[in-house]
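Colleague: Sharing a structure with you now.
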Amino acid sequence: MTLIRFPRAVLFDLDGTLLDSAPDMLATANLLRDAQGLAPMALAQIRPHVSKGSRAMLAAAFPHLEGVEREKMVPLFLDIYLQQLGRHSVLFADIEAMLAALEADGAAWGIVTNKPEYLAREILPQLGWETRCAVLIGGDTLAEKKPHPLPLLVAAERMGFAAGDCVYVGDDERDIQAARAAGMPSIAALWGYRQDHEDPAEWGADAILETPGDLLDAALWPASRH
C-alpha cells in the first residue's frame, strides 16, 4: 500500500485561510465608526470584505463617504488595526493540526498574503510561527502582489522549490489566479471570506475544500510534481 504524502512545499494565504481575522477587522472598523458617531456594524457586514483589503472594508463600513474620503482613512485604519492585531482573531479549526501534520511529513510551508508585510510579521510570534513559517511575502514585499504570480514564484524560490512542486491554498479568486499564472497547483478554501456573487467553482482551482479539516487528508490535495 502506497502512503499518500502531502506536497513537499505548501504556501498559504493568511486572512480567511489560516486565520479568522475578521473579528480584529470588525473591532478596527467599529472604532473608526464610533469616532464619527456611527453605530457599530455586525461581523456579518464586514466578513465578506476582509480578503479584499482595507479599502474594501472601509467601503463596507462607510458606504456613504466618497472614495477619496475613504482613501484618506486607510493609514488610520491600518494604525488602529495594528493595535487590535491578534486581540480577537483565532485560527480556523484544525489549522494547527494540519500544519503539524505537514511538518511531521517533512513538508515546508510559508505564507503569501496581500496584507502589508509588517502587519503579517506581527502575527507570526503571536501564533508561535516565527520559526516554523519558511517564508513570508506580504502585499508590499515585492513590486507586485496577488493576483500577479510574482509573490508565489519568489516564495517558492526562497523555499528552494520550483513553483510546480508547491501547492497554494487561498480563499479569494486572486489567490487562484496567482497560482494558475505561476504554474502552481491550488486549493480554493470555502471556509474563508467571499461575497455572495463569487463562485469558487469558476475560479479554476485544482481542488475545492469545504473545511480546514479537509486539509488533514493528504489524498484531497492536488498533485504537485513531487
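Colleague: Which residues, counting only those in the stretch 150-185, are open to solvent by 10 Å² or more (accessible area, probe 1.4 Å) and hydrophobic (A, V, I, L, M, F, W, C)?
Modeller: Within the stretch 150-185, 150, 153, 154, 159, 161, 162, 163, 181, 182 qualify.
Colleague: Determine, yes or no, whether residue 225 is over 14 Å from residue 112 (Cβ atoms), basic (Lys, Arg), modelled with pLDDT under 95 and more than 15 Å from the chain's Cα centre (by Cα).
Modeller: yes
Colleague: Taking only the stretch 123-169 into account, find how many residues are farther than 23 Å from residue 97 by Cβ, assigned to a loop (DSSP other than H, G, I, E, B) and not hydroxyl-bearing (Ser, Thr, Tyr).
Modeller: Final tally of qualifying residues: 14.
Colleague: Scanning the stretch 105-120 for residues that are farther than 19 Å from residue 50 by Cβ and either open to solvent by 10 Å² or more (accessible area, probe 1.4 Å) or among the aliphatic types (A, V, I, L, M) (or both), which turns out nearest to the chain's Cα centre (by Cα)?
Modeller: Step by step, filter the stretch 105-120, then rank; the result is 108.
Colleague: Note down all Cβ pairs under 6 Å where the first residue falls in the stretch 63-86 and is in contact (Cβ under 8 Å) with a residue 12 or more places away in the chain, the second is among the polar types (S, T, N, Q) and part of a helix (DSSP H, G or I), and they're at least six residues apart or on different chains.
Modeller: If the second residue must be among the polar types (S, T, N, Q) and part of a helix (DSSP H, G or I), the pairs left are 74/54; 77/54; 80/28; 81/28; 84/28; 86/126.
Colleague: Additional query: Please go through the stretch 186-226 and give me each residue that is part of a helix (DSSP H, G or I), out of contact with any Leu (no Cβ under 7 Å at 6 or more places or on another chain) and open to solvent by less than 30 Å² (accessible area, probe 1.4 Å), ordered by number.
Modeller: Matches in the stretch 186-226: 212, 213, 218.
Conditions tested, residue by residue: (1) among the aromatic types (Phe, Trp, Tyr); (2) closer than 24 Å to residue 47 by Cα; (3) open to solvent by 80 Å² or more (accessible area, probe 1.4 Å); (4) part of a helix (DSSP H, G or I).
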{"residue": "72", "(1), (2), (3), (4)": "no, yes, yes, yes"}
{"residue": "75", "(1), (2), (3), (4)": "no, yes, no, yes"}
{"residue": "79", "(1), (2), (3), (4)": "no, yes, yes, yes"}
{"residue": "83", "(1), (2), (3), (4)": "no, yes, yes, yes"}
{"residue": "86", "(1), (2), (3), (4)": "no, yes, no, no"}
{"residue": "93", "(1), (2), (3), (4)": "no, yes, no, no"}
{"residue": "96", "(1), (2), (3), (4)": "no, yes, no, yes"}
{"residue": "101", "(1), (2), (3), (4)": "no, no, no, yes"}
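Colleague: Sticking with this structure for a sec: Just to verify a result, which residue in the stretch 15-56, among those that are open to solvent by less than 30 Å² (accessible area, probe 1.4 Å) and part of a loop (DSSP other than H, G, I, E, B), is farthest from residue 126 (Cα to Cα)?
Modeller: Among those that are open to solvent by less than 30 Å² (accessible area, probe 1.4 Å) and part of a loop (DSSP other than H, G, I, E, B), it is 41.
Colleague: Between residues in the stretch 1-20 that are at negative phi and among the aromatic types (Phe, Trp, Tyr) and residues that are part of a loop (DSSP other than H, G, I, E, B) and surrounded by fewer than 24 Cβ atoms within 10 Å (Cβ to Cβ), which pairs lie under 6 Å by C-beta distance while being six or more apart or on different chains?
Modeller: 6/105; 6/107
Colleague: What's the number of the condition residue 7 fails, among (1) open to solvent by 10 Å² or more (accessible area, probe 1.4 Å); (2) assigned to a loop (DSSP other than H, G, I, E, B); (3) not β-branched (Val, Ile, Thr)?
Modeller: It is condition (1) that residue 7 fails.
Colleague: Test residue 63 against the stated conditions and say whether it is under 19 Å from residue 195 (Cβ atoms), open to solvent by 30 Å² or more (accessible area, probe 1.4 Å) and under 18 Å from the mean Cα position of the chain (by Cα).
Modeller: In short, no.
The values are calculated or read from the model by the stated rules, or taken from the named source; none is laboratory data. Not measured: the values here are computed from a predicted model. A quick note on method: Cβ atoms are made from the backbone with ideal geometry, for glycine too, and the neighbour counts reach across all protein chains shown. Just the protein is used for accessible areas: all its heavy atoms, side chains included, with ligands, DNA and RNA removed. Shrake-Rupley method; radii C 1.70, N 1.55, O 1.52, S 1.80 Å.
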